[in-house]
Structure formats: C-alpha cells, structure tokens
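A quick write-up on the structure given underneath.
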Amino acid sequence: MKSGSNIFMVLAVRFCTAMRFLTLLPISWRAEEDSQHFAKCLMFFAVVGLVIGGIGTCGVFFLSKGFPQPVVIAVGIAYLAFISGCLHLDGLSDSADGLLSSRPKEACLQIMKDSRAGAMGIVVVVLVLLIKYAALSAMPMETLMLAFFLMPLAGRSAILLTMANLPYARIEGGLGSLFYTGNSKKAAAVGLALLFVCLLFLATDQLLPILIGFFLITYLFNRWCKVKLGGATGDTLGAVCELTEMIVAVSLTATFPPFFQ
C-alpha cells in the first residue's frame, strides 16, 4: 500500500511540474522539485492539453450564454494564447523569423534567439491567429466547444511527436532540451492514443480530416526544421503546437461530397 501511495505521489508531482511549465495556473505544490522531474513529466503533456481544453470548453459554454459568438471566439483564442504565457506564440514568431530568413543553420538559430520580433514572425503570428478565428467562426456552438477541447490536446501531442522524431538542434542546449530524454517516444505514443480516443468518441465524422491534417502539418514542419536547423528547438516546439491547433480548427470545418461519406 505504501509503495502504491508513493507511486501516486511521484506521478502527482510530475503532473504538477508539467502544469507549471505548460500553463500559468498557480500550482506551487512542491515546485522546488521541478528540476528533478522535467525529464519524466513528458508523459503528462497530453494530459495537460486535456486540462487546458476542458477549462476552455467550459469557458466557451458559459460565455456563450451572455455574449455573441465572435466575442466568445476572440476570448477563447486569447485564453489559448495566455494560458501558456504566450510561450508558443513567441516560439512561432521566432521560428518564422529564423526559418524564413534564407540563412545557414547557425545564423537561423541565432536569429531565433533574438528576443525581438521580426517582420516574418509578426506576419506569421497574425496569419495563424486569423485562420484560427476564421475557422472557429464558421462552426456552430457545439462544434466550437469541441474545437476548444481538441486543439490544446492536439497541439501538445504534436510537441511530443516532434520530440520523438527530431533531435535537439542547439549544441549549447536550451529550454526545450530540459525535456529531451529517452521517454519521448513513449510520451508521444500516450499523446497520440489520447488524441485518437477523443476523436473516436467526440469527433467521429471529422476524425479522418483531423488526423490527416495533424500528421501532414507535423511531418512537413518537422521535415523543414530537420533540413533547415538539423532538428528541433524550444521555439519550433511552440510553433508546431500553434500550427497544429490551427489545422485542427480548419479540419473541423471540412465538408465532403456524399460519395466520401
């Protein structure tokens, strides 16, 4: 019994470590132990995505009772950005500045370390947010709540899949390197399994377009990072999360002629 209790305690601490890194939720319990659990908390990234999605879905539901849908969508998009401290949008901006710079690898990595946002980064962030808003605006309320539930889960699952497929690109290390361990493939499998189960039970009709979009955007972006940078960085992990959230929203609006149904 004591052994089982200890295992539960360790898992709870690792879950809290993942929550503190991926969200701004004020969880201070045993925060001083985070450095010991960074490498092991990967298994909870997808679960954190479920928590973020659950909170977002509840928020959308209650806001829809008193506000028009465009306002609800705008607040929901802001929530998805700020729940992570805008860390992923910052990664998207930095990744765009580096990957679209037509510079060699080392120069790209140096550009991505610059805290200042360049023109490419600003344009890409605006476009991704605009596409999210356009896609979410095209949905009925029931689908909108589903989108806010699935997007964070898919985004964190894409981070795990990227970590499983790409090495860390910076020799000197970085924020993202804290989580690079041999657990990446297992964590990616957990994230993909959770995503598939949620799609199977909650979005059966859109399962195929969402999975196609998820794997296509992840593969293409990972391939680009591999060729351009030699691997992933903390910035590109944030970028793939944002791009995947966007593609899930777009996929939920997909319609097919009768012979595809």
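Readers should treat all values here as calculations from the given coordinates under stated rules, not as data from a laboratory. What you see is a predicted model, and the numbers here were worked out from it, not measured in a lab. So basically every Cβ, Gly included, is an ideal-geometry build from the backbone, and we count neighbours across all protein chains shown.
What list do you get for SER64, SER251, SER102, SER93 if you sort them by fewest beta carbons within 10 Å?
SER102, SER64, SER251, SER93
What's the exposure ranking of ILE77, ILE212, going from fewest to most Cβ atoms within 10 Å?
In increasing order of surrounding Cβ atoms, one gets ILE212, ILE77.
Place +1 on the Cβ of every Lys and Arg and -1 on the Cβ of every Asp and Glu in the chain, take the dipole about the Cα centre, and give the residue among ILE131, THR23, GLY66 whose Cα lies farthest towards its positive end.
The Cα lying farthest towards the positive end belongs to THR23.
As an exercise, identify the trypsin sites (Lys or Arg not before Pro) in segment 93-153 lying in DSSP coil whose Cβ has no more than 12 other Cβ atoms within 10 Å.
ARG116
Among GLY85, GLY56, GLY191, which one shows the biggest mean-square fluctuation in a GNM of the chain, springs joining Cα atoms closer than 10 Å?
Maximum fluctuation in the GNM of the chain, among the listed residues, is at GLY85.
Using only the Cα atoms of segment 93-138, what do you get for the radius of gyration and for Dmax, in Å?
Spelled out, the Cα radius of gyration and Dmax of segment 93-138 are 12.7, 41 Å.
Hey, got the dipole for the chain? About the Cα centre, +1 on K and R Cβ, -1 on D and E Cβ, debye to the nearest 20?
480 debye
Which of the helices in the chain meet the span-like rule: DSSP H, Cα axial reach of 15 Å or more, Kyte-Doolittle mean at least 0.0?
Span-like helices, by this rule, are 2-22, 45-63, 69-82, 87-99, 119-137, 141-165, 184-202, 207-229, 234-251.
Could you work out the helix-only [θ] at 222 nm for the chain, with each DSSP H run of four or more residues adding -39,500 (n - 2.57) and the total divided by the number of residues, to the nearest 500 deg cm²/dmol?
Here the helix-only value at 222 nm equals -23500 deg cm²/dmol.
Just checking my list [x] 272; [y] 115; [z] 148 against volume of the Cα convex hull per residue in Å³ computed from this structure; which label fits?
[z]
Within a 10 angstrom radius of the beta carbon, how do LEU144, LEU127, LEU100 rank from fewest other beta carbons to most?
If I rank by nearby Cβ atoms, fewest first, I get LEU127, LEU100, LEU144.
Towards the positive end of the charge dipole of the chain, with charges on Cβ (+1 Lys, Arg; -1 Asp, Glu), say which of PRO209, LEU146, VAL197 has the farthest Cα.
VAL197
Full extension from ALA12 to LEU207: what is 0.36 nm times the residue separation minus their Cα-Cα distance, to one decimal in nm?
This chain segment gains 67.1 nm when fully extended.
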